[in-house]
Every structure is written in C-alpha cells, then in structure tokens.
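First the structure, in the form of structure tokens, and then the observations on it.
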Amino acid sequence: MATRSRRGCWSTVGVCVALTAVAVPAPAGAKTHLPQNLGNGLARLVEPPPAPPPSLGGGGPRLNQNKLAVRDSLGRVLVDVRVAQGADLAAVTQRVAALGLQPTTIDAHYRAGIVEGFTALDKVAAIATAPGVGAVLQAIPPRARAGSVTSQGVHEERVDRLPRGVDGAGQTIGILSDSFDTATVDVATGDPLADHAADDIASGDLPGAGNPLNANPVVVLQDFDDTSATDEGRAILQIVHDIAPKAKLCFATAFVSETSFAENIRRLADPSQGCGADVIDDDVTYFDEPMFQDGEISQAVDDVTAQGVHYFSSAGNEGDQQGYDATFSPVAPDSPDVAKAGVDLAAVKDTSLYAGGFHDFDPGPGVDIAQTTTVNGDGNITFQWDDPFDANGPTLGDSLFTGSGELTDATPEQSFTVPGTAGRQVLFKIDAVPSGTVDLVLTVTAPDGTELTETDATTSPETFATRLPQTGDYTVTVSGFAGATGPFTVNVNAIVGGTRVTTDYNLLFFDGDGNFLGAAADNNPLSGRPIELAGMSGEGDVVQIVIARASPPVGAPSANRLRYVMFGGWQVEEYHQPLAPTLFGHPAARGAIGVGAYNPFTPEIPEDFTSAGGNLQFFFDRNGNRLAQPDVRPKPELSGTDGVNTTFFVADTARDPDAFPNFFGTSASAPHAAAIAALALQRRGAMSQGALRGLLERSTFPHDLDPYAARATSRDGLSIDAVADAGDERNGLTASQRDPNVFTVRYAGPGSVVSLTLDAAKGDPTGLKPGPA
C-alpha cells in the first residue's frame, strides 16, 4: 500500500520526486520526538541542532552531522536497518522497502541480519518502528588510510636482494580500497586526472597486455564509480606489482558501506568469484567499527582467514594527539567542581543528558570535566565504551498496562492512566487494529504535567521508550493524525536492561568560551550501540569536550572503560595521552595483521601520524557475550614503508631527488607487507596464519617506537634522559624531527655532562643507505 509523507507526497516506493525532506531543528539538548532506536547520530540528521546563536556571530566551531551522511543523487540517506533477534530477514526487508527504503545490500551473516539502503529522512521514523526492526543506524562514510616508477620499499624492505624467481608467481593478492579506474580529478592539484589504468599497463606499472613481466590484467570484482573516487586502490596495486610483479592481482571496492565491504572481502577470497586470493590487503576504516569486540567487517576478516587466506590491513593515520583512553572517573552533577570547568551547563536544556555525572579528565588530584581540543577544518570523533554492540532491539519484560479503545468523530482522542516508578525503563506502544490501518499519534505526559513526547512516525504502530523521570501516574493520550479514526490498542512494557547496552554516555561540546554547541546523545540502550559519533567543523577553534553519563547505574555495575579516536583536523590539546590506542576495528581482528608506517627518509622513527596500538583488550565474543577474561591482541604486528613513488598518487615530496608523486600513509605501508607475504608463500609454500605472522615479525628490524624520549648510560653509571612533549600533529612532522629545542635533558650519576649530541640519523637500524628511487 502507499505511504503518505507529512509533506503531502504520495508514493508507493518511498521517493518523493522533486521534493526534499526538510527536518525542523530541535532546541539544543531538547528531547527528540523520534523513535529512540536510532543510532550513529541519525536522530541529529533527521532533527538537526540549530545554528549558533547570533550572540556568537554565527562563527566558531559547529557540529556537522551531515558530514557523516552518505547520500544518493536524490538526496536520500544511506541507513542500516538491524533486524531484531527472531525476526524474519526477508519479511523485514519487504516491510521496510514498502515504507520507503530502497535496499542496496542485504547481509545475512551478521547477527539476525542487516538491510542497508537509501531512504528519505522523513521515512526514518516509520522504518524504525516497523515490526521486526531492532534499530536503524546512519551508515557512516569510509575513510581511506591514505614500471616507470618503483616503490622505495623495494630497496628499503630488501626485496631487491631476493634470489631470481621469487616474484610472486602462483600467488593471488586481493586489494580493497576506494576505486581502481574511475577517478577523474587529480587529488593533489584538482586538475583532470591524466593517468589511468591503461597508461599504467603501458608503462609497466600494472600487469596487463603488453607488460612483459605479467600480461594478466587486474581482476576487478567491483569498482567505485563516484565523483569522490581517487583511484587510491590503483596506487596500492602499483606498490604490490613492484614487490611481487608476477602475482595475480584483484580489486574490489571497500567504499559504499560496511556491509558491502564485508561482502567484498568474502568475494575476493572465493575462487568462484574469479579471484580466490591467497593474500588480501585493505586501507579503509569506518568510524563506527567496534573498539572492544569484533564487528561486521572483522567477522568477515576472520571468516576468510579461517579458510587459509592471509589478511593485512593498514593500522590507520590517527596520530598520538588523536586518542583518549580511561576508566570513567565520576563527578556528581551537583559537585562544586563542575562549575570550575567554565562551561555553560544551563544551556543544556535536557538535564537527563548528564544526570549520571561527568567524567574527570584530570589524572591528578584536581578535577576537570572539560577537555580542551582544537578543530581545524573538518574533523570527526568516535567515542565508545565497554558495552556489547547489540542492535537486536530492546528486550521487553512484564506488561505494566494494556488497554484498547476506538477513535471516532465524536471521540477524537482517548487518555489512559499508567502508574510508573522513577528510574524504570519502559516502552509505550499504541497500534491500530489491524496493525497500521489508522495513523495514530502518541502523547505521554509525566505526573507533574510535563509532556515527554508527542510521537507521530507517519504510520502505526507508534512507540516511545524512556527512563521514567518521576514516580506517579503517567497519562497516555491516543489521537488520530488529521482526524483519523478507528480502533487501537495500548501496551506499556518494562524494558529489561534495554538491549545488552547497560550504560548511556553522551558527549557534550562547548566552545572556548564555554558556550554550548550541541551534544552527541543517542539513547544507547535502545539503539543497542555503545557509541557516539560526531562531526565538527572549525578554523583552528577550541572545542571543549565533556563526557557525561545519562543516569546513575542501576543494578549491576555499568560499563566504565572509555575510549575515543579523532579523525581529520581534530586533535587533543589537554590531558594528552601519546600511547592511547587509535588502532581499532578490523585491523585489530584476530585474523588480521595490522601494519604501521615508516618512511624511507627517516626510517629510524615511525611516521608521526601512524596509529598507536598496544595490547588491545577485547571484552566480548563475536555475539556480544562478555568473556571471562579479555582477549588481548598486540597490535599492530608489523610496519612497512610508506612515502613511496607512484605514477599519479598523491604529490611529490622534496625529500627525494625525483619528481614522481609520493604516497604517504599506512595505506601505502600495508601493501608492502602483503606483497612480501606473497613472496614468502611462494618461496616456502602454504603456511598457517601463525607461521607466516611469526616469520614476518622475526624478519623485521627493531625500531624506536617513541620519538619523544631517548636514554643513554655510560660505563661508570652516568645516565642521561632526553624527554619531549608532543607537538602539533597538523604540522606534518614529529616535533622531535623539526624542533632542535624540543627535548628536556636530565642526568644523574657521577661526573658531569660536557657536551651532548642527539643524532637520530645514526639510529637507523636497517643499516641501509638511501637507494635509487
């Protein structure tokens, strides 16, 4: 049957031709009237926060959820519909398609299933309340790790010293990135792109007809044809071809969505799809991949490695000023220390966002609930905690109230009294008889007369989930949209722990003067996602971050391990943690090998942007069950060479003598490791995951992992320590590489220091002099 938009558009497929859904801004921090099982900030996209008030001049930093949206040519937004446990995937797919979702990908592998597709924003509420839907999430855009030309890694990794015949013959390497041969613009200059796959084959930089080393062209399972395409995947394949020139090469895009990324991992490993890769490498991450358990992409990685495929993934380019990791240190909302932070909490109209207290960022005896950061350009943040990702929808407990009635012209609305207890989570639901035949409006009023919601999702049933703020009698009012009439039912149920997400944390943002900018505040127990995502835009502006808990823990101890990672031009300026993990998601999968980056120009220290890892703790199994003991995974396992030459990607660096573009980032280092793995497999034959990983780890040179500290000790006991504070990541070089005064020197022991020289150039453990480009 047709569905009706509130803006007067009739449609049988959910597309209003020539009309655009315009969401009405909600007051900053106000309660939304949307279903609360929306995740990844989708509610902020449907109901955007208002622009900065005129008193702030309209300038300064600003939340920008739209930067995280993936849209089609009609302006519709890509969403993930998570199927509720026990629901039928095919039936839910058909149901949400009738409500306005155009499905693009269906994944039956992950949990109860995912239906991904594009929809107009005014259809989101109806989709979220459809039977069998657990949660609806905003699909998040991916982030790339970003012949005639030979990679410097051939020399740096000593591939040029291998015996003749070790060239990758008989091995198949699959690559996942953005695109292979669809880019039209040079990302460095903005000019039309002059170099394409045919040119690379002709110059010998890619395999194909006419290439004397390898006449078999790259097998492309799926390309990414979009105006944002950069052909970074083709640059990666050039690196692989330099290292393993006779290997069979395959490509599939990792863009579009996480669901299609996971499916393309499986397709590259499947011989029936035309590839059957022995080794797979990718350079893409999604902001909403889990940090404390294996998500959809990680599970696809583990699926193919269980089949014997060796998987490599770039560790990421989020440097040591873009991460934070701590145990929740509570500060009560009424603590006098809260006022000392200098942020205007009075502007946060919904006090339930911080009813459970704030996090103290100060690691010392002081208290500070606001952490200073800066944003220059566009930046994103993903904030997570140690609850399970569980998007199957809330678990309902005892019925607290049931009722029924009928709307008529004479009785256009009816009210019911429902007793409630403060702090209890409940789900209010009204439905037509039979379901969906009457367009209903649900209003819930608290005992003190405060209207908690007026929910109207364009179709029935209508639902509203909340934690009751007071003890007393609540009023449930049922009315019909535009005078609609007919019979209905009313049900109120206790929510037993929501989903398995126990705790609702929020991010509150303030500018440098303490003015409230907005909040990332999904109802996490209802969305089933222990994550808050936000985009921020600014011009070198200060943004103060406040981590708040929505309510005090009830019953069992709540999740309290907090972690966030920043991307782009957003970085930490206060309470800096240089070793906070910024590697997360599928590079940390048990079956993956994460790869960091060192360039050939300063190989003695890691790239300043390469993501930090460590002994990462995973608290849950792949189904979201808490483990008796955390699964500890040391990541990243390896590092490779970046900053190498390609024919077109990205731009030349003055640090090498040629004019070829240099490709920096863990996107460039990971394919070096993957191609070397293919050489090892060719030379030694089939190897287990552990055997190959161990071989590669033993073959590496030890490197200095901390460019901010150095120590020397003399034979007679004199010790000297040189320690530096972190610098500015946006300057592009580690502070110790560019500032001769960055180190503070201390010494202890007999004698005195007459002179001191810090010469990192003599610390190159590879023992190699720069080789030919």
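Of note:
- Debye-formula intensities of region 216-361, expressed as log10 I(q)/I(0) at q = 0.15, 0.20 Å⁻¹, are -0.84, -1.29 (one equal scatterer per alpha-carbon, no solvent).
- Part-to-part distance (alpha-carbon centres) for region 245-300 and region 341-408, which is given in Å: 33
- Positive-end extreme of charge dipole, region 278-353 - chosen from Pro336, Val348, Met291 (charges on Cβ): Pro336
- Cα lying deepest toward the dipole's positive end in the chain, options Gly643, Gly613, Pro461, charges on Cβ: Pro461
- Spin-label pair Ser272/Arg590, simplified geometry with 7 Å Cα→Cβ offset, distance in nm: 2.7
- Taking 0.692 mPa s as the viscosity and 37 °C as the temperature, the Stokes-Einstein diffusion coefficient of region 413-505 based on its alpha-carbon Kirkwood radius rounds to 240 µm²/s.
- Fraction of accessible area attributable to carbon and sulfur, the chain (%, probe 1.4 Å): 52
- Each part reduced to its alpha carbon centroid, region 560-574 and region 106-141 end up 28 Å apart.
- Take the convex hull of the alpha carbons in region 537-611; its mean projected area over all directions comes to 8.7 nm².
- Extension gain (nm, one decimal) between Phe601 and Thr411, 0.36 nm per residue minus Cα-Cα: 60.4 nm
- Paramagnetic reach from Asp191 in region 619-659 [backbone N under 18 Å; point 7 Å along Cα→Cβ]: 646-654, 659
- Of every Cα-Cα pair in region 273-341, the percent that sits beyond 15 Å: 71
- When +1 charges are put on Lys and Arg Cβ atoms and -1 charges on Asp and Glu Cβ atoms, the dipole computed for the chain relative to its Cα centre reaches about 1400 debye.
- Annotation: extensible slack from Ser435 through Ala215 equals 73.1 nm (criterion: 0.36 nm per residue apart, minus Cα-Cα distance).
- Amide hydrogen neighbours beyond the local backbone of Phe618, cut-off 5 Å, H modeled: Asp631, Val632, Arg633
- A straight Cα-to-Cα reach below 12 Å connects Lys67 with the aspartates and glutamates Asp378, residues fewer than 8 places away in its own chain not being considered.
- Over all pairs of different C-alpha atoms in the chain, the reciprocal of the mean inverse distance, the Kirkwood hydrodynamic radius, equals 27.9 Å.
- Kirkwood Rh in Å, taken over all unlike Cα pairs in region 156-276: 15.0
- For region 360-391, the residues whose backbone nitrogen is under 18 Å from a point 7 Å from the Cα of Asn625, taken along Cα to Cβ, are 387-391.
- Förster-model FRET efficiency, 25 Å R0, Ala686 and Arg161, C-beta, rounded to 0.05: 0.55
- The phi-based Karplus calculation (6.51 cos²θ - 1.76 cosθ + 1.60; θ = phi - 60°) puts the 3J(HN,Hα) values of region 281-295 at 9, 9, 9, 10, 10, 10, 4, 9, 5, x, 9, 10, 7, 8, x Hz, whole numbers, x for Gly and Pro.
- With a Förster radius of 60 Å applied to the beta-carbon distance between Arg698 and Gln470, the computed FRET efficiency rounds to 0.40.
- Per residue, the convex hull volume that the Cα atoms of region 80-221 enclose (Å³): 195
- Taking amide H as placed 1.01 Å from N in the peptide plane, Asn560 has its amide H under 5 Å from the amide H of Asp386, each at least 5 places away in sequence or on another chain.
- Added length on full extension, which subtracts the Cα-Cα distance from 0.36 nm per residue, Ser399 to Glu574: 58.2 nm
- Computed from the alpha carbon atoms alone, the convex hull of region 311-432 holds 292 Å³ per residue.
- Based on protein heavy atoms only, the chain ends up with 39 Å² per residue of surface accessible to a 1.4 Å probe.
- Two-site label geometry, Ala651 and Asp344: point separation in nm, points 7 Å out along Cα→Cβ: 3.9
- Selection from Gly483, Val501, Thr450, by position along the positive dipole direction of region 414-534 (Cβ): Val501
The values are calculated or read from the model by the stated rules, or taken from the named source; none is laboratory data. Computed from a predicted model, the values in this text were never measured in an experiment. No Cβ is skipped: glycine too gets one built from the backbone with ideal geometry, and neighbour counts run over all protein chains shown. Side chains included, ligands, DNA and RNA excluded: accessible areas come from the protein's heavy atoms. Shrake-Rupley method; radii C 1.70, N 1.55, O 1.52, S 1.80 Å.
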